[in-house]
Structures are given as structure tokens and as C-alpha cells.
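Participant: My questions will all concern the structure given below.
The values are calculated or read from the model by the stated rules, or taken from the named source; none is laboratory data. As the structure is a prediction and not an experimental result, all values here were calculated from the model. Quick reminder, even Gly has a Cβ in these numbers, built from the backbone with ideal geometry, and neighbours come from all protein chains shown. Remember, those area values only see protein heavy atoms, side chains included, never the ligands or the DNA or RNA. Shrake-Rupley method; radii C 1.70, N 1.55, O 1.52, S 1.80 Å.
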Amino acid sequence: MKTIFGAGEAPSFPTESNITSRWFRKDESSKSGMFTMAGTFAGPILGVLLATYILVTIGWRYIFYIFGIMGIILIAIYFIVIRDNPEDTKWISKSESEYIIESFSNQKERGHNTKEIAPWGKLLKNGRFWALGIAHFSSDAVLYVMLTLLPIYLEEVRHFSASSLYLIGTLPWIIAIIAVILSGLFMDRGIKKGHSLFVTRSIPIIISSILCTVFLLLGATAVNSTLAVIWLSLGLAMIAPEQVTAWSIGANIGGIFSGTYGGWLNFLGNFSGITVPLIATILASRINWTVALSFVAIIPLLMAISYGLMKPDKSFAPGIIPDYTPPADILSKK
């Protein structure tokens, strides 16, 4: 059942990347990643709270029933409201859809319906495409460790009581939500000013990656438990810029294959969710938690190196996917 659940969930993020390239202006693509990740980080807070309430009041089986019904309702709303393009939607005015479309100076940069097979041969031979995937692997590695192992660490090592565990455990996700919103707004502001993707995407992520490593190491080695939670929370927050970028960058540089970029990120990100928490668990059980968290803390440095090498403004498949250009209104002013 877990395998089926994962297979059903998998298309959501690549779809988000594809929808972003159609429904958002070129200078507002980070807003999509911002909302997506804010919702994702809110899930561990609200989902656990709701599931606990259902468990206590009517039983564990109803968690699956209620969450399943909620999912069906959301699917129905999505099916009714969303179309492939805003210009195909009755509730979007012509002026609003034109406002979105006109932000693209090169319409090949904007996603649209196509039956073309993605140029996987060229993409997989491109080292910078691998750098994009490795960066998100590194980012999701920290995210999955915090999601799966943080409650165990806080209880077993930091000795927080079961009654306080939920409150303490939600702090990292609350700070992460704030960081997601701030980084999304900051990145779009840079795009609106005509800065390159290297300036608006790579540089902030390089900085946040290094800070993530520093904060996680401080959390792993902190003597005081309260300080440990604060440092680990800040470490998770520093993952925010890459998570925002990951689910908007396909719209920036993927063109008609923006969904393919999302699928690539999702594949390597989920692979990190399988491998890194397992390795961290082995290190924690055979050595100690300080070593395990220190191992996780080093991984964001791969993210910094990857974004330094990526050159996101240059196409990963020249001749098929165009290079990135600033929004049309920026070009018209030059």
C-alpha cells in the first residue's frame, strides 16, 4: 500500500512545475514554489494535529477515510477549476491571461501542450543537468531526515517529554514556512529587476546551503537542548530557497519540457528520502546521533557546489530548449 501511495503522490510536484510555466508570469514563478512548499511544510503541523484528533475521538481507521475523502474533494475541485492554460479557462479574463503570456519574450520558454518526447539523451549527457538533480537530492536529504528522524532525536537524545514533543517539533516547520515565503518574494523581486537566474537563484542558494551546514552542525553539537532545537530549526529554514527554486526553476528553464525537469527533481529527491535517512539511522545506532546529524549537515555543501556549477541561464539542451531571458517588459526597457 505504501508503494501505491507513493506512486499516486509522485506526479504532484512535476505537475506543479509544468502548471507554473503556463499559469504564472515569468517574473512571478517563485510564488508558485513559495505556496507549494509553504503548504508542504504546513502538512507536518496540521496533518499530525488532525490525525491525532481523529485517532483519539473515533479511531485510527477514520484517519484514512477522512484524509481519502479530502483528497477526492481536492481532485474534483482541481479538475473543475484548472485547465492546461489560463487562456482556456472561463473564470480567467482575457486581459489577465494576456498579462501572463506577454511576460514571455520567447514563447518557447512557456509550457504548452506537446506530444514531443523530452530530450533525455542530451539532458543526461549534460553535467549541469546532473548538478540540478544533485542539488535537489541534497536539499531533500535534509528535509526527509528532519521529517522522519527529528521527533525520535528530540525524544531519545534531547529528552523532551511526549506531551511537549508536538509543540517543540513544530517549531522547525513554522520557521521553514516563514523562510519559504521570504525567499520566494526575494527571488521574484530579483527577476522583476531583470537579474539573471544565477543571481536570483544560485547565489541565494549557495549562501543558504553553507548556513544550513553551519546551523545543523551547531544543533548536532549543542549542549543545551533548547539551543539545539533553535539551531536545527534554522538549518531546516536554510533549505527553503532551494525548495522554492526547485519547483519554479522548471518554469524558468524547462520550456515545453518543464514537467520533465520536475520529474527529474522528484526522482532524485525521493531517492535521497530513501537513502539518507537510512544511512543516518545506521550511524545513530552504531555510533551516535552527533555523528549522524554531522553527516547530514555536510550534505548541503553538495548543493552549494552544484548551484555554483549549474549556470541555470544557459540551456541544458541547446537548440531544443531556449536559454533563459529576462521577462519581456525588462527587455523592452533596455
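Participant: State the number of residues belonging to segment 45-67 that are open to solvent by 30 Å² or more (accessible area, probe 1.4 Å) and within 28 Å of A246 (Cβ to Cβ).
Facilitator: 5
Participant: Could I ask something else about it? Which pairs turn up if I take residues in segment 148-161 that are farther than 12 Å from V229 by Cβ and look for partners that are β-branched (V, I, T) with beta carbon separation below 7 Å, at least 6 apart in sequence or on another chain?
Facilitator: As it stands, the answer is L149/T281, since those pairs meet every condition given.
Participant: Give V296, V244 a once-over and let me know the one that is at pLDDT 95 or above and either open to solvent by less than 10 Å² (accessible area, probe 1.4 Å) or of a type in the set (K, R) (or both).
Facilitator: Result of the check over V296, V244: V296.
Participant: Output the residues belonging to segment 285-304 that are among the aliphatic types (A, V, I, L, M), out of contact with any Leu (no Cβ under 6 Å at 6 or more places or on another chain) and touching a residue at least 60 places away in the same chain (Cβ under 8 Å).
Facilitator: Selection gives L293, V296, I298, I299, L301, L302, M303, A304.
Yes/no per residue for (1) in contact with a helix residue (DSSP H, G or I) (Cβ under 8 Å, 6 or more places away or on another chain); (2) closer than 18 Å to T200 by Cα; (3) not acidic (D, E):
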position: T15; (1), (2), (3): yes, no, yes
position: N18; (1), (2), (3): yes, no, yes
position: S21; (1), (2), (3): yes, yes, yes
position: F24; (1), (2), (3): yes, yes, yes
position: E28; (1), (2), (3): yes, yes, no
position: M34; (1), (2), (3): yes, yes, yes
position: G43; (1), (2), (3): no, no, yes
position: L46; (1), (2), (3): no, no, yes
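Participant: Still on this model: Among the residues in segment 263-280, are any free of Cβ contacts under 8 Å to residues at least 40 places away in the same chain, of a type in the set (A, V, I, L, M) and over 28 Å from I174 (Cβ atoms)?
Facilitator: The answer is no, given that none of the residues of segment 263-280 is free of Cβ contacts under 8 Å to residues at least 40 places away in the same chain, of a type in the set (A, V, I, L, M) and over 28 Å from I174 (Cβ atoms).
Participant: Further question: Given the residues G250, G269, G235, which is the only one that is within 24 Å of M187 (Cα to Cα) and at pLDDT below 90? Outline the logic, then answer.
Facilitator: Working: G269 fails: at pLDDT below 90; G235 fails: at pLDDT below 90.
Of G250, G269, G235, the one residue that is within 24 Å of M187 (Cα to Cα) and at pLDDT below 90 is G250.
Participant: Looking at segment 178-193, which of the residues that are part of a helix (DSSP H, G or I) and of a type in the set (K, R) is least open to solvent (accessible area, probe 1.4 Å)?
Facilitator: My answer is K192.
Participant: From the list V180, V223, V157, which residue is at pLDDT below 95, more than 20 Å from L143 (Cα to Cα) and not polar (S, T, N, Q)?
Facilitator: V223
Participant: While we're on this one: Checking S258 against (1) within 22 Å of the chain's Cα centre (by Cα); (2) at pLDDT below 95; (3) farther than 15 Å from W120 by Cα; (4) open to solvent by less than 40 Å² (accessible area, probe 1.4 Å), which test does it fail?
Facilitator: (3) is the only condition that S258 fails.
Participant: Starting from segment 118-136, take each residue that is of a type in the set (S, T, N, Q) and list its partners that are outside any helix (DSSP H, G or I) and open to solvent by less than 50 Å² (accessible area, probe 1.4 Å), counting only C-beta distances under 8 angstrom and pairs at least six apart or across chains.
Facilitator: Listed by first residue and then by second, the contacts come to N126/F316; N126/A317.
Participant: Moving on. Kindly indicate whether P86 is open to solvent by less than 80 Å² (accessible area, probe 1.4 Å), touching a Phe, Trp or Tyr at 6+ places or on another chain (Cβ under 6 Å) and more than 26 Å from I168 (Cβ to Cβ).
Facilitator: The answer is yes for P86.
Participant: Out of segment 107-127, which residues are surrounded by fewer than 16 Cβ atoms within 10 Å (Cβ to Cβ) and outside any loop (DSSP other than H, G, I, E, B)?
Facilitator: Going through segment 107-127, the residues surrounded by fewer than 16 Cβ atoms within 10 Å (Cβ to Cβ) turn out to be 107-108, 112-117, 120-121, 124-125, 127.
Of everything in segment 107-127, those that are surrounded by fewer than 16 Cβ atoms within 10 Å (Cβ to Cβ) and outside any loop (DSSP other than H, G, I, E, B) turn out to be Q107, K108, W120, G121, L124, G127.
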